[in-house]
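Here's the structure we're looking at; comments come further down.
The values are calculated or read from the model by the stated rules, or taken from the named source; none is laboratory data. Keep in mind that what you see is a predicted model, and the values were worked out from it rather than measured. As a convention, Cβ positions derive from the backbone with ideal geometry for all residues, glycine included, and neighbour counts pool all protein chains shown. Protein only, heavy atoms only, side chains kept; ligands, DNA and RNA dropped before computing areas. Shrake-Rupley method; radii C 1.70, N 1.55, O 1.52, S 1.80 Å.
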Amino acid sequence: MTGQTEQPYVPTAFPISIKGVVLDPQQRVLLLKNERQEWELPGGKLEGTETPEERVVTEIHEESGWTASAGPLLDVWMYEPIPGRKVFIVTYGCTAADAHQAPVVSHEHKEAGLFHRDEVPGLVMPQGYKDSIARWYELHDQA
């Protein structure tokens with residue numbers, strides 16, 4: 001065809017959100033309630049020079065006050081929180097040395113909660129988070 005110029009390939013870009021599944025000493029998972037009234041894992045967007053592991057540790061501290069360490073990669077999946085907006089989610093299993101203290105709710109969330117394994121399936125939250133939580137419990141069961 002004449003008159004057309006080839007357009008360079010532009011890859012699709014999605015924000016990347018790094019999330020942590022953190023269990024307290026009673027084996028309850030830390031969840032935070034967002035503005036959509038959904039429970040979610042602590043975490044945030046990957047930006048700058050931080051590694052994903054550093055990002056999740058930073059976010060857990062900012063959003064709960066807990067000092068965590070990142071463990072194994074649990075899952076990666078695409079999430080569409082609102083129609084037309086996709087986010088690439090990466091989840092890590094994490095441990096927090098000070099998880100015996102109550103989490104402190106940051107300005108980013110409405111509420112913090114600690115939930116037992118059998119409570120998670122009934123919560124209002126994306127299935128991907130539930131799957132990541134189940135995976136971390138499975139790994140704990142194997143240890």
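Some observations on this one:
- Residue within region 7-15 that is under 20 Å from residue 132 (Cβ atoms) and either over 12 Å from the mean Cα position of the chain (by Cα) or of a type outside the set (Lys, Arg) (or both) present: yes
- Cross-chain or 6+ apart pairs with Cβ under 7 Å, region 30-44 first and under 18 Å from residue 94 (Cα atoms), then open to solvent by less than 30 Å² (accessible area, probe 1.4 Å) and β-branched (Val, Ile, Thr): 30/22; 41/21; 41/91; 42/22; 42/60; 43/18; 43/56; 44/18
- Residue match in region 53-60 (condition: surrounded by fewer than 22 Cβ atoms within 10 Å (Cβ to Cβ), under 15 Å from the mean Cα position of the chain (by Cα) and basic (Lys, Arg)): no
- Flag if residue 24 is under 16 Å from residue 133 (Cα atoms), open to solvent by 40 Å² or more (accessible area, probe 1.4 Å) and out of contact with any Pro (no Cβ under 7 Å at 6 or more places or on another chain): no
- Criterion violated by residue 46 - all others in (1) over 15 Å from residue 134 (Cα atoms); (2) surrounded by fewer than 16 Cβ atoms within 10 Å (Cβ to Cβ) satisfied: (2)
- Residues (touching a Gly at 6+ places or on another chain (Cβ under 9 Å), of a type outside the set (Phe, Trp, Tyr), open to solvent by less than 80 Å² (accessible area, probe 1.4 Å) and assigned to a helix (DSSP H, G or I)) located in region 120-143: 132, 139, 140
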